[in-house]
Amino acid sequence: MNPRSSSPARAGSVFAVDSTRLPWGVTAVTLASCLALAAAAGFGRSAYAVLVLALGLAMALGWPVLLGMPHEASARLTVATAAVALGAAILIPSGDQPLRWLPLALGVSMMVTFVMLVPGGRLRPHLVESASGALAGGVVIASGIALAPTADRGRGTDFVVVALAALAAGALAELTGRHPRVGALAVLPVMVAGALVGWLVARVVGVNAVAALGLGMLLASFSYSVRRMFGAVPGVREGFGQAALGIASVLLPGILVVALAQLAGL
């Protein structure tokens, strides 16, 4: 008998999971992460990177729980190693190329994943689940930390704040999905809330308000989709799993903000 199947939180046949009614812990961690990152953005790249590193280490504790990954200890260690490597890649001085070491750090973390999960070259049961889950955790952290240099470029800082404000607004609007008549249609108020808050904050900080409408709508809906997808797994019923999902839904959209900021010339 597989001992993992005895955990009631992971027994999907016993506990129905409805991702339109996420545990409150997911929303709380999402909002707290947005607030903390918005504050860190005001202190520049290093502060932002250090906070993402801390969030990545916290996510490492719950990521294997959320995904129900086998070999939890090894998976936690590999995701935590990715967080440290990616954080160092941003914190190491790199002149006018702040993302210079990021691809190398991500590559190293990927190699560490396979070394840790395939000790001595011996294949183990459920290796695919462990490896794919650990690699996904590293990608989430890389996406979040790639945004750090944008938070260090004048208007870029304001752009990051607008994105995080819209994301937080979407997380609050998502709560409308708890009403039976709304359910999955909550994506509509999420998009509206993200666009409206993005527009309002942009007017305050001086970012192009029209661009902020699209930014807010995209970030809020994408982050909502992450919580909606991963909120359908039994691991979300556990505390560490909720924290991991909340953090991941804030970090993963980071690369979208980087892309849009570059298109805007920030």
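Remarks
- Candidates L175, L185, L196, L213, filtered to the one that is assigned to a helix (DSSP H, G or I), modelled with pLDDT of 95 or more, over 16 Å from the mean Cα position of the chain (by Cα) and surrounded by fewer than 23 Cβ atoms within 10 Å (Cβ to Cβ): L196
- Condition check for R227: surrounded by fewer than 19 Cβ atoms within 10 Å (Cβ to Cβ), not in a loop (DSSP other than H, G, I, E, B) and not β-branched (V, I, T): no
- Some residue of the range 254-264 being closer than 20 Å to G133 by Cα, in contact (Cβ under 8 Å) with a residue 24 or more places away in the chain, surrounded by 21 or more Cβ atoms within 10 Å (Cβ to Cβ) and not hydrophobic (A, V, I, L, M, F, W, C): yes
- Residue in the range 45-56 that is of a type in the set (K, R), in contact (Cβ under 8 Å) with a residue 40 or more places away in the chain and part of a helix (DSSP H, G or I) present: yes
- Matching residues, the range 221-241, being within 12 Å of the chain's Cα centre (by Cα) and in contact (Cβ under 8 Å) with a residue 60 or more places away in the chain: S223, R227, F230
- Subset of the range 230-266 (residues that are among the charged types (D, E, K, R) and either assigned to a helix (DSSP H, G or I) or in contact with a strand residue (DSSP E or B) (Cβ under 9 Å, 6 or more places away or on another chain) (or both)): R237
- Positions within the range 136-156 being surrounded by fewer than 21 Cβ atoms within 10 Å (Cβ to Cβ) and of a type outside the set (A, V, I, L, M), in sequence order: S143, D152, R153, G154, R155
- Any hit, the range 128-135, residues being surrounded by fewer than 16 Cβ atoms within 10 Å (Cβ to Cβ) and within 19 Å of the chain's Cα centre (by Cα): yes
- Scan of the range 52-84 for residues that are among the hydroxyl-bearing types (S, T, Y), surrounded by fewer than 23 Cβ atoms within 10 Å (Cβ to Cβ) and within 16 Å of V108 (Cβ to Cβ), ordered by number: T81
The values are calculated or read from the model by the stated rules, or taken from the named source; none is laboratory data. Predicted, not measured: the structure shown is a model, and the values here were computed from it. Cβ coordinates were reconstructed from backbone atoms using ideal geometry, including for glycine residues, and neighbour counts include every protein chain displayed.
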